[in-house]
Amino acid sequence: MENQYRLYKLVFRNKYVSNIIFNYVYEINIKFKFPTLRYDKISLEWISKTNNYSLLEDKIKSNYCFKKTELTYNGLMFLFEYLYKLDDNNSNNNNSNSNDNNSNNNDQDYRNNLDNKKNYKNHLKLINKKGIKILKQFFNNNSNNLFQCDLNHSTFTHYRNISLVKFAIHTKCFEFFKMVNEDPKKFSIGSNCLFHETDRNSMTYLNDDDLLDVALKYGNLEIIKYVHKHMGFQIKDHQKALHHSLMSINRSFVVEYLLDELKYEPPKKHTGSFDNYFSNLLLLDFKLFKRLYQMGSPLLYSDRSFSYLLDNKLNDTFSTTEKINFKKEYLQFIKSSIYVASLGFVSTEFNSNHFNLLLSKIEKLENNILTTTTTTSTTITSTTTTTTSNDNNNNNNNNNNNSNNDNDHDNDNNNIEQISALSILKNKLKFKKEKKVSQEREIRRIFIFDFLLTIKSLSGSTMTRMITDFTREYGEYGSLPSNLAKLSILRVTLNTTCSILLGIANYHCDYNLVEIVNKHYNKTKEISKVLSLRDNHTPQTTSNLFNTKIVRIEDQLCYVELLVENNINHPVHSIVVLHHILIHNDFQILLPYINKILKIVNIIYDNFKKSEKDSINNNNSNNSNNSNRYSYNIESYYKNLYRDDSEFIKDNYLSASIFVQNKDLFIYFFKKHRDFFIWGLDDINKRARLANDLELLDFIKDSDIYY
């Protein structure tokens, strides 16, 4: 170690050598997205952009004082993101060490003021004891600058500076809110709590008059209670108070507090529209929704808007790309929607009796699962008791007949009892799970086929998506074509149907949907032509594709092979799907399937040749018919069929940029299968820089790959 340090000093004391090293490092450094900085030059914003949690913790523990300019809205929110992640890790540790009762008791100290603890935990994250300790240390070291800094955000504050008190509500952390509100520095000269947002020169302390509305919006019940009871804030605008309460992810608990503690009174008329007001309203607990409506509040201010807003909601929150909690959100939405329809707020041929009957069916399904489960549990318990009793009788008989082998028989019978009990428990859990799935399936079936299909103004694309997702989730693929045929009244085109089916297939890596498209819809030249081209309006990104960590690699490759074989590049190009697989799977996972990957590449090249052949044939055919203008369009179409639809295709060959972000795979293909791809392209170097991998950049440079 001493020799290394001595050499270090010899090198860096030499200005000539140190400058050469610095220039070389600088040249490498500028290629990275986030260049490295000296420790004292590293800002909170830089830490947040690089997601360097360990560096943030190190700075806080070393009592580092951040500058006022560093303490931005985004930078501070990154701090709380880090603290909440500490809570997640702590929860995992508690699960793996469930016998540590003291640890569990300590965690409860930070939840003792919450109502409905079990339900509340599911909606709002909590910071654990370690996180609170780090937060206090950060606040003590930076409180002066925190009260002096500018806090604004383009979306959450609409570019206006807000006080630290209001920002503390945005964090949803009650402990931090108390720290800020009880700190006397908020009254100091220059504090961001001393001025109104439109008057920075005022030195008179002004309470933010909308603190209660902001607290209702962010949904932490402890903060709401503190603002209401300790700070004395009351409702000023009841309609806005309801609107902000509905915006909270914890909306049902907040609205209940609004009704019971804040003495909400419904306005006499609706005075305006609010963002997502209707959507959030239908996510309320169904009983609360009915309670609000029966109070006389003008919740449903326009019968014309219901179908439109319902359509938007189905395309937003309940889209196929988002998994929601059925019982707590989806079921409430279903019941509230049907209840609204029973009040006459939809355009339909059915009367209120039809919708009341649907609600009754859903209620019976809910009660039936409970009754069946209870009955079955009782039966299973009785069986267990009988089995145990019989085993005990057998034990007694065996003990009398074989007194010399008592211990052996006891052990054997105990093992049998344990195995029997375990088997019964497994069957019981399996039964409950199957019943739960069955209940959800039938309620969703009622909602889609008995309710949504009766609403005339819903769009065909929404219904196609709802039916397809339902069919896929419960494996009822055989009924999908006939169910989609019911949408003919909504005039859904084949192009739209195929686009939606393939979009859902891409997200779930579902080859069944691709095969349905091929079998039932991909029969005409027009549809085949559409499917062979990607949708120009769909971004060619991997964000709407399947999760490679969940889907088996065998299924991923079989899926993309099916797309390539059937020349399907709509709505996302099949080569983009291949790119998604190659960069999001580890090299060791892909290595056994290299031949499979190369086979897929060969099929792609065969498609290139076929497209050129078709282009020539179509061109000759059109020339013979003297249709020069039409000929030009067809030729242009086939020319651009593959070359312009994917950034990874260059002159009918795949660019190596398709997998450059997977370093080991990139090096392997270059050494073993170089002839399959094009390597001398600038986009390879660009993607390599984005990968922030020095070893990869060195390999590209040493291998003379367009550097």
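The values are calculated or read from the model by the stated rules, or taken from the named source; none is laboratory data. Bear in mind that the values here come from a model prediction, so they are computed numbers and not experimental data. With ideal geometry, Cβ positions are generated from the backbone for all residues, glycine too; neighbour counts draw on all protein chains shown. Heads up: the accessible areas ignore ligands, DNA and RNA and are worked out on the full protein's heavy atoms, side chains in. Shrake-Rupley method; radii C 1.70, N 1.55, O 1.52, S 1.80 Å.
Just a few scattered comments:
- Residue within the range 21-34 that is at pLDDT below 80, in a helix (DSSP H, G or I), touching a helix residue (DSSP H, G or I) at 6+ places or on another chain (Cβ under 7 Å) and open to solvent by less than 80 Å² (accessible area, probe 1.4 Å) present: yes
- On the stretch given as the range 182-210, residues that are buried (at least 19 other Cβ atoms within 10 Å of the Cβ) and modelled with pLDDT of 80 or more total 1.
- Some residue of the range 251-273 being modelled with pLDDT under 85, of a type outside the set (F, W, Y) and part of a helix (DSSP H, G or I): no
- Taken over the range 669-706, the criterion of being closer than 20 Å to I649 by Cα and of a type in the set (F, W, Y) is satisfied by F669, F670, F676, F677, W679, Y706.
- Within the range 137-148, being under 20 Å from L83 (Cβ atoms) and out of contact with any helix residue (DSSP H, G or I) (no Cβ under 8 Å at 6 or more places or on another chain) holds for N140, N142, N145.
- Inside the range 130-155, residues that are under 25 Å from the mean Cα position of the chain (by Cα) and loosely packed, with under 14 Cβ neighbours inside 10 Å make up a count of 2.
- Among residues of the range 49-61 that are farther than 13 Å from K85 by Cα and among the aromatic types (F, W, Y), none has a Cβ under 7 angstrom from a residue that is open to solvent by 30 Å² or more (accessible area, probe 1.4 Å) and part of a helix (DSSP H, G or I) at a sequence gap of 6+ or on a separate chain.
- Hits in the range 562-576 - residues which are more than 17 Å from I504 (Cα to Cα) and either acidic (D, E) or in contact with a Lys or Arg (Cβ under 7 Å, 6 or more places away or on another chain) (or both): E565
- Boolean, G232 is open to solvent by 10 Å² or more (accessible area, probe 1.4 Å), in a loop (DSSP other than H, G, I, E, B) and modelled with pLDDT under 85: no
- Picking from residues in the range 274-305 that are in a loop (DSSP other than H, G, I, E, B) and of a type in the set (G, A, S), the one that is modelled with the highest pLDDT is G296.
- Residues that are at pLDDT 75 or above and either small (G, A, S) or assigned to a helix (DSSP H, G or I) (or both), drawn from the range 314-336: L314, F326, K327, K328, E329, Y330, L331, Q332, F333, I334, K335, S336
- Scope the range 343-358; condition open to solvent by less than 30 Å² (accessible area, probe 1.4 Å) and among the aromatic types (F, W, Y); matching residues: F355
- Within the range 497-536, the set of residues being at pLDDT below 85 and polar (S, T, N, Q) comprises N522, T524, S528, S532, N536.
- Every residue from the range 580-602 that is within 18 Å of E565 (Cβ to Cβ) and open to solvent by 30 Å² or more (accessible area, probe 1.4 Å): Y593, N595, K596, K599, N602
- The set of residues in the range 547-579 that are under 23 Å from the mean Cα position of the chain (by Cα), of a type in the set (A, V, I, L, M, F, W, C) and open to solvent by less than 10 Å² (accessible area, probe 1.4 Å) comprises V576, V577, L578.
- Failed item in (1) in a loop (DSSP other than H, G, I, E, B); (2) closer than 16 Å to Y82 by Cα; (3) among the β-branched types (V, I, T), with I134 passing the rest: (1)
- Hits in the range 323-342 (condition: crowded, with 19+ Cβ neighbours inside 10 Å and of a type in the set (V, I, T)): I334, I338, V340
- Residues (at pLDDT below 70 and of a type in the set (G, A, S)) located in the range 337-395: S377, S382, S389
- The listed residue being at pLDDT below 80, open to solvent by 70 Å² or more (accessible area, probe 1.4 Å), within 24 Å of the chain's Cα centre (by Cα) and within 30 Å of N692 (Cβ to Cβ), out of N89, N95, N74: N89
- Filtered residues of the range 461-478 (kept if hydroxyl-bearing (S, T, Y), at pLDDT 90 or above and open to solvent by less than 40 Å² (accessible area, probe 1.4 Å)): T464, T468, T471
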